[in-house]
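The values are calculated or read from the model by the stated rules, or taken from the named source; none is laboratory data. Computed from a prediction, not measured in an experiment: that's the story for all the values here. Every residue, glycine among them, receives a Cβ derived from its backbone with ideal geometry; neighbour counts consider all protein chains shown. Quick note on the areas: whole protein, heavy atoms, side chains included, nothing else; ligands and nucleic acids left out. Shrake-Rupley method; radii C 1.70, N 1.55, O 1.52, S 1.80 Å.
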Amino acid sequence: MTLKQKTWVCLAVLAAGAILVFFVEWLGGLLLAAGLILDVTWIKCPHCGTWVGKYPGKYCSSCGARLPWNETK
Ligand SMILES: [Zn+2]
């Protein structure tokens, strides 16, 4: 998966959680937490490991390295 695809997966999980929380509170909360954890563990600069946050953003805000959004790792 590319970084961009991972960002979409995180957003999808978060969106599902945000909707579900109105119907099944604990399940929605669980999905929101999972989305945040996925985001923090997946969307990182490959050079320095700093959390990048969200797409777009061509360069790492910490070390200035170019971010490989479309490269498969
Ligand atoms: Zn970096």
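Tell me which of Gly57, Gly29, Cys10 sits at the most positive position along the dipole axis of the chain, charges placed on C-beta atoms (Lys, Arg +1; Asp, Glu -1).
Working it through, the farthest residue towards the positive pole turns out to be Gly57.
To the nearest 20 Debye, how big is the dipole of the chain about its Cα centre, given +1 on the beta carbon of each Lys and Arg and -1 on that of each Asp and Glu?
360 debye
Starting from the Cα-Cα distance between Glu25 and Leu38, subtract it from 0.36 nm times their residue separation and give me the gain in nm to one decimal.
Computed gain between Glu25 and Leu38 is 2.7 nm.
For the chain, list the cysteines whose Cβ sits under 4.7 Å from no other cysteine Cβ?
Flagged as lacking a Cys partner: Cys10.
Using helices alone, I'd like the mean residue ellipticity at 222 nm for the chain: each DSSP H run of four-plus residues gives -39500 (n - 2.57), total over residue count, nearest 500.
Result for the chain: -16500 deg cm²/dmol, rounded to the nearest 500.
What are the residues whose amide H is under 5 Å from the amide H of Val52, where those residues sit 5 or more places off or on another chain and H is modelled from the backbone?
Those lying under 5 Å, H to H, from Val52 are Lys44, Cys45.
Could you check how much of the accessible area of the chain is carbon and sulfur, as a whole percent, using a 1.4 Å probe?
The C+S portion of the solvent-accessible surface of the chain is 67 percent.
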